[in-house]
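Undergrad: Sharing a structure below in structure tokens format, with a few things to ask.
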Amino acid sequence: MTKILTMDDFNFKNKTALVRVDFNSPIDLQTKEILEDTRIKAHGKTTIEELAQKGAKIVVLAHQGRPGEPDFIPLEQHAEILAKILKRPVKYVDDLLGSKAKKAIRNLKNSEILILENVRTHPKERKKGTPNDHAETDFVRSLAPLADVFVNDAFSVAHRSHISIVGFTAVLPSVAGRIMEKELRALSRALEAPEKPCVYILGGAKADDALRISRYVLDNEIADHVLTGGVAGHMFLAAKDINLGKPNMEFLERKELMGFVPGIKELLKHYPTQIKTPLDIAVNEDGKRREITIKELPTKYPIFDIGSKTIQMYCDIIRNAQSLVISGPLGVFEDRKFMKGTKEILEAMGESKAFSLVGGGHTVAAVEQLELEKKMGYISTAGGALIEFLMGETLPGVAALEAAAKRHT
Ligand code: 3PG
């Protein structure tokens, strides 16, 4: 794991902590109400509660949505939900850097929690920059003098070099919060020297991510097998020159995925036995599930799931693994008839003694729907950040914590 400081390395009593969390939640676009509070609960019950118990004055920085998008709303509701979760009062101020925000921070007493306005109301928040560049902004210059320490708990935003993610690390002692620490520990377990055999299961609709992750984990001898499904699986089949049939080939064209075929072909050439593609698939034949083998392709129906023979082959590989990573469902699991592939693969992961890591919004939703949460080794709350991490990218938010740790040790 990377060398960063954690909340064990700082005495928070009487100190003002600027805490960056990821409260970004699904919103009902009509009523603007928060639909799901997983992330608020995760940060609240760990990092924020611990800071309150340690007597810190807690100033929460967070974002919701992106400017111009319908889920870009203030954080008032988030404050109300956090207060209910923690059974503690949570203050909210509709200001980020102005006199109202500054006054509210100065008035905080030990263990009190204050949420500032959505950080993305700052016009430069999402501008990419280095910690030193961002330290010069009015955002950091206004808030840093009021704080003693920066706690970055937002692993799921660590792939962004935004002001609120990296700027404060240049000027304040900076530590990882508990969620950041947990995510990094679990993810490192799946990426740095995982127990072998290590199997990556890549599904979902983001075939470009599946290609880049497969390449990284195979080239670096991290994974022994990559099992493909979902649209990613279709792409790998298409790269084997298999005609999937009109609706499926048109779908890949429409989503501009065919451009990845040459890269996948190259990868398949290098790793013909390590990469597994479906042996059979389930098509949506006018609302009914029908399984056909790959030899029976092309089909005039859309492919919605992997078939039973594939499930059996994948489950055999999963049973022999010591480390398992899944990102993306294997089919259209939202439709009960096509849930089989995703369900049986996730159940096999749950039954396995291997360390299993689950990531990606849809996959996590499937695990929750199947009530398999307790059977998994680790469920990541991250989306884009997790994908970049699994591709071996350096995450600016983590690199900034590492640089800060070097300075303060
Ligand atoms: C997420 O939901 O993945 C994070 O909150 C990051 O959001 P962003 O993609 O808008 O930066």
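The values are calculated or read from the model by the stated rules, or taken from the named source; none is laboratory data. Since the model is a prediction, treat every value here as computed from it, not as a measurement. Please note: Cβ atoms are built from the backbone with ideal geometry, for glycine as well, and neighbour counts cover all protein chains shown. Only protein heavy atoms, including side chains, enter the accessible area calculation; ligands, DNA and RNA are left aside. Shrake-Rupley method; radii C 1.70, N 1.55, O 1.52, S 1.80 Å.
Undergrad: Tell me, what are the semi-axes, in whole angstrom and largest first, of the equivalent ellipsoid of the chain as set by the roots of 5 times the Cα gyration tensor eigenvalues?
TA: Details: eigenvalues 353, 93, 75 Å².
Computed over the chain, the values are 42, 22, 19 Å.
Undergrad: Can I ask one more? Tell me the Kirkwood radius of segment 74-193: reciprocal of the mean inverse pair distance over distinct alpha-carbon atoms, in Å.
TA: On the way: mean 1/r = 0.0642 Å⁻¹.
Computed over Cα pairs of segment 74-193, the Kirkwood hydrodynamic radius comes out at 15.6 Å.
Undergrad: Rounded to the nearest 0.05, what FRET efficiency do H270 and E393 give with R0 = 22 Å and r taken as the Cβ-Cβ distance? Could you check?
TA: Numbers: r = 21 Å, r/R0 = 0.95.
Computed FRET efficiency for H270 and E393: 0.55.
Undergrad: Along Cα→Cβ, 7 Å out, is where each label goes; now give me the distance between the ones at L35 and R290 in nm to one decimal.
TA: The answer from the label model is 3.3 nm.
Undergrad: Run the simple label-point estimate for E347 and K300 please: 7 Å along Cα→C-beta, distance reported in nm.
TA: Distance between label points: 3.4 nm.
Undergrad: Another question, if that's okay. In terms of Cα to Cα distance under 20 Å, which aspartates and glutamates are near enough to K15, apart from those fewer than 8 places away along the same chain?
TA: Cα-Cα hits under 20 Å: E49, E50, E112, D148, D153.
Undergrad: Express the accessible area of the chain per residue in Å², computed with a 1.4 Å probe while the remaining protein chains stay in the model. Working shown, then result.
TA: On the way: 18010 Å² over 409 residues.
Per-residue value: 44 Å².
Undergrad: A further question on this structure: Rounding to the nearest 20 debye, state how big the charge dipole of segment 280-391 is about its Cα centre with +1 on each Lys and Arg Cβ and -1 on each Asp and Glu Cβ. Don't skip to the end; give the middle numbers.
TA: On the way: 14 positive and 16 negative charges, 46 e Å.
That gives a dipole near 220 debye.
Undergrad: Next question, about the same structure. Calculate, for K240 and S111, the FRET efficiency according to 1/(1 + (r/R0)^6) with r their C-beta to C-beta distance and R0 51 Å; round to the nearest 0.05. Show your work: numbers first, answer last.
TA: Numbers: r = 60 Å, r/R0 = 1.17.
The value I calculate is 0.30.
Undergrad: While we're looking at this one, here's another question. Which aspartates and glutamates have a Cα less than 14 Å from the Cα of K374, not counting those fewer than 8 places away in the same chain?
TA: Partners within reach: E347, E351.
Undergrad: Using only the alpha carbon atoms of segment 1-113, find the Kirkwood hydrodynamic radius as the inverse mean reciprocal pair distance, in angstroms to one decimal.
TA: Here the Kirkwood hydrodynamic radius works out to 15.0 Å.
Undergrad: Provide K84, K374 ordered by accessible surface of protein heavy atoms (probe 1.4 Å), highest first. Can you show the working numbers first?
TA: Values: K84 160, K374 200 Å².
Final ranking, largest accessible area leading: K374, K84.
Undergrad: Right, here's the next one. Taking 0.36 nm per residue of separation and subtracting the Cα-Cα distance, what length does fully extending K337 through N11 add? It would help to have the intermediate numbers written out before the result.
TA: Values: separation 326, 0.36 × 326 = 117.36 nm, distance 5.39 nm.
Going from the current span to full extension adds 112.0 nm.
Undergrad: On a full-extension model of 0.36 nm per residue, what is the gain between S188 and R126, subtracting their alpha-carbon distance, rounded to one decimal in nm? Show your work: numbers first, answer last.
TA: On the way: separation 62, 0.36 × 62 = 22.32 nm, distance 2.70 nm.
That pair, S188 and R126, stretches by 19.6 nm at full extension.
Undergrad: Cross-link partners among lysines for K265, C-alpha distance below 27 Å, same-chain residues fewer than 8 apart left out?
TA: The qualifying lysines are K196, K206, K240, K246, K255, K276, K295, K300, K309.
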